[in-house]
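I have placed the structure first, in the form of structure tokens, so that the comments after it can refer back to it.
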Amino acid sequence: MDCLISLLTFQVLVSYCFDESIKDTAMAIIGTTTFGSSRQLEEGQDGNLEASYAKTGEGSIQMEGVWHMLYNDSLSALGTCVEGDLKHFHKARYMLAQGLYRRGGSSDLQRAKEELSFCFKSSRSSFTINMWEIDGMVKKGRRKTPGLAGNKKALEVNLPESSRKFITCIRKYLLFYLRLLEETGDVNTLERAFNSLRSDKRFALCVEDLVPVAIGRYINALVASMSRVESGGAKINPDSQLEKIFSLFIEQGSIWPDIRNFPETKDPETSERILYRFLHQYIVSLELDNKVETLETINEKIRKRFKNPKLSNSFSAKVGRHASLAWCRALITSLASITPLVSSAESQAINPSFDYLENRRVLCVDLKSGFWSSSFENPSESQMLEAKWGPVLSKIKNVLVANKVSEENLEMANSLLRSVKGLPKIPRYTARTADYGGNMAVLWDRDVASTGYVDKMIWCTVIALERRSDEEIWGKLEWKEPVLEVPKSCRIIRALAATL
């Protein structure tokens, strides 16, 4: 009896086909199928169950074919409802996208996103809510489409829509569109969507609670793209994706645990630990490229963002410590790479006499061991950095740096050392430093214009250094005064602090 009901249901559905050719084909299949025929029922009652089951399977295959024909016909009908003047008929467009998504063909997912994207983009923006409330007083469009059998079909949109129903449609369509963007890996549009939704003023009251969902979808897409990169299945720049994850961490890191628990965005492949692993990976990539300025910038951002204990946790604390140490290591590596070294023979022949000191800038540097032993979540990251920068740093061990520094390298060193905070700008003159009771004394000379530049004035400043945290050293200017006027031929060779 159930089989006969199924056949009757199919016959009713087929009678409403949009495409006449599909209607004729489907009717022909139904008329010839053995599924649910009286002959099959008689064979079952006579005990010939094997023959009955065989014909039942054959009939099921035939009915499945009819079902696919009807499904595709329905999608074709929906397609005509969003063409031409009817392009803003958002209800039909949403149903068409849903139909394509559920059909699950090889290109249906992308097609579903493209169909629904009309409601969420414009010629000026890759993401905006581009939907209009259907007005019952005005016919939104009329399109006469000739059917395949030659008849004319008048299609009209005259469905009054309340504001409440319109807002419901926006929310429903938006949630589905964000899902399509995530499943297609459209990271750029998801980024634009999340930024647009949180700054939207037109629909702020009805979509502001969906911003965390957009962020969650965006994070899932970023993690999925990074997973494809690691597996070798995607040809994209991982550094740009890691930078986007870090930007999200700075802006929305405090709500990451909440986002991970939303039903719409919960994904076992995107745990909080995995997200923080990518942050550490980003810091390592910057250190590998020795990007000192970028490391200094992100270190400052982390310090400002998470100085409130309520916004911090154990994961973010590890990221902050890693960024701080990476910045220090990159700073030391940069200085080591521009430090002129003497040969072993020359260093043995060095006699620190007055004449030698007059013509040389002398600096003794020693880097302690254990340089790469901290802040790494993954030991392989430490090995990569040591393999790249170890040869440079190994030269700065119990050596006397005695060669003159080029002007280019001196400028670079001045730029690198500007990261000591709290100091005013010190003029670029030849300067010497000395330990002054735990503070730093700096002496330099400056030509005196009033004497026709035949004399120099020696200036001195005292700077008190203070370590305020593991990440920062601050300097406080105690005083700065001219101390001695000398002939221009005089030079500052060495600064010594004497205790009286």
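The values are calculated or read from the model by the stated rules, or taken from the named source; none is laboratory data. All of these numbers come straight from a predicted model, not from anything done at the bench. When we count neighbours, we look across all protein chains shown, and the Cβ atoms used for this are built from the backbone with ideal geometry, even at glycine. Each accessible area value is taken on the protein alone, full model and side chains, heavy atoms only, with ligands, DNA and RNA left out. Shrake-Rupley method; radii C 1.70, N 1.55, O 1.52, S 1.80 Å.
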(request) For the stretch 248-289, give the percent of accessible area contributed by carbon and sulfur heavy atoms, probe 1.4 Å, rounded to a whole number. (result) 51 percent
(message) How many angstrom lie between the Cα centre of the stretch 243-279 and the Cα centre of the stretch 477-500?
(response) 56 Å
(request) Scan around N130 for amide H atoms under 5 Å from its own, H built in the peptide plane at 1.01 Å from N, and keep only partners 5 or more places away or cross-chain. (result) F120, K121
(request) Tabulate in residue order the Karplus-calculated ³J(HN,Hα) for the stretch 439-450, using 6.51 cos²θ - 1.76 cosθ + 1.60 with θ = phi - 60°, rounded to whole Hz; enter x for Gly and Pro. (result) 9, 10, 9, 10, 10, 8, 10, 8, 5, 9, 5, 5
(message) Going through the cross-link list K91/K201; K91/K121; K121/K172; K113/K165, which pairs have a Cα-Cα distance over 19 Å in this structure?
(response) K91/K201; K113/K165
(request) Taking the Cα centre of the stretch 271-323 as origin, sum charge times position over the Cβ atoms of Lys and Arg (+1) and Asp and Glu (-1), and report the length of that vector in debye to the nearest 20. (result) 380 debye
